Amino acid sequence: MGNYLESATTPTTNSTKTTNSPTTNSSNINNTEIIKKIPKLDISCLQSTSFEPLLTNNYLSQLSSEFVKEEWLNCWTLIFSSLRHGKSFHRFCTQCTFRGPTIILVKDTKGAVFGAFASDSWKNPQSSWYGNGNCFLFSLAPEFKVYKATGYNDHYMYLNFDKEMLPNGVGIGGQHFYFGLFLDNHFEKGNSSASCSTFASKCLTSDQHFDIDEVEVWSVNLPTQEEYEEMTGESDNSKRILDPVTRQFRSVKNTTKNRGGILTNEDNPDKFISELLGKGGWSHGLEPEINATNSTTNPTTNSTTN
């Protein structure tokens with residue numbers, strides 16, 4: 001079982017449902033229904049009592065009041081922490097894609113804390129936008145503000161890698177190069193536009209361009225059946241047992257089957273990202289050295305004729 005922050009569940013006086021009737025708004029954008037419930041926090045990902053999560057109880061209470069689905073408020077599981085995994089975009093991809101809805105928390109070097117809720121799973125790196133109107137942006141410190149989707153466009157979630165003409169990193173809202181929130185693929189720099197039409201948001205921090213101090217990602221719900229099948233190649237819904245230790249990528253459209261079927265967190269992250277992009281498994285400059293005597297032989301193909 002994971003390690004839980006029991007203190008996160010202490011505000012139990014409002015734990016009962018207060019929504020007596022469903023909202024009459026038929027749109028999935030800006031649903032005004034508020035659920036009074038505080039989720040538990042699973043921090044077993046940290047594997048050390050010396051690390052303190054960026055998501056404090058105060059932040060938790062503020063954020064949880066903004067969620068419109070009770071299923072998003074049962075237990076939030078820490079799946080990525082730059083304190084634990086390093087400032088690694090590669091590790092972010094291995095830990096956070098196909099994990100269902102997630103919360104990204106960012107702390108910059110000036111102490112501001114802000115982030116985004118992604119209501120869909122992060123998917124393999126690609127140049128297109130996806131997600132839905134339940135996504136939102138927020139700032140937590142120095143002040144709490146939430147920016148919900150406006151319906152102006154569908155530029156909710158963006159995850160890209162190794163493209164020369166497009167931004168490489170993870171983004172929420174806005175346009176290419178003018179994101180509501182964007183973290184570059186080195187997890188060192190980020191930016192938040194002064195205005196974002198997707199969420200009618202202002203800059204989330206004191207500077208539009210900021211230096212990243214810390215990043216956390218929390219999974220708030222299981223992925224859908226379709227996302228699970230895409231991730232694992234399995235259709236058995238009973239096997240959707242997910243936690244940061246046992247739930248590893250087992251297959252990305254069968255690209256890892258020839259390597260034993262299981263891609264663990266200890267596998268080379270550059271190799272993993274390259275496989276997602278169909279580049280044969282290794283980034284340029286990171287290919288394993290080939291013995292000179294076998295340099296004329298394709299290292300991935302058995303030269304023996306059966």
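Extents of the range 79-234, largest first, come to 45, 36, 33 Å (Cα atoms, principal axes, whole angstrom).
For the range 94-176, take the alpha-carbon Rg, divide it by the Kirkwood Rh, and send me Rg/Rh. Present the calculation step by step, with values, prior to reporting the outcome.
On the way: Rg = 13.1 Å, Rh = 13.5 Å.
Computed over Cα atoms, the ratio is 0.97.
Of Lys107/Lys163; Lys87/Lys145; Lys69/Lys107; Lys40/Lys87; Lys37/Lys110; Lys123/Lys148, which pairs sit farther than 28 Å apart, going by alpha carbon to alpha carbon? Present the calculation step by step, with values, prior to reporting the outcome.
Numbers: Lys107/Lys163 26 Å; Lys87/Lys145 26 Å; Lys69/Lys107 26 Å; Lys40/Lys87 26 Å; Lys37/Lys110 31 Å; Lys123/Lys148 22 Å.
Over 28 Å Cα-Cα: Lys37/Lys110.
Taking only the Cα atoms of the range 155-206, the radius of gyration and Dmax are 10.4, 29 Å. Over the range 92-222, Cα pairs under 8 Å with separation of 6+ residues give a relative contact order of 26 percent.
Bear in mind these aren't lab numbers, they're just calculated from the coordinates by the rules spelled out. Not measured: the values here are computed from a predicted model.
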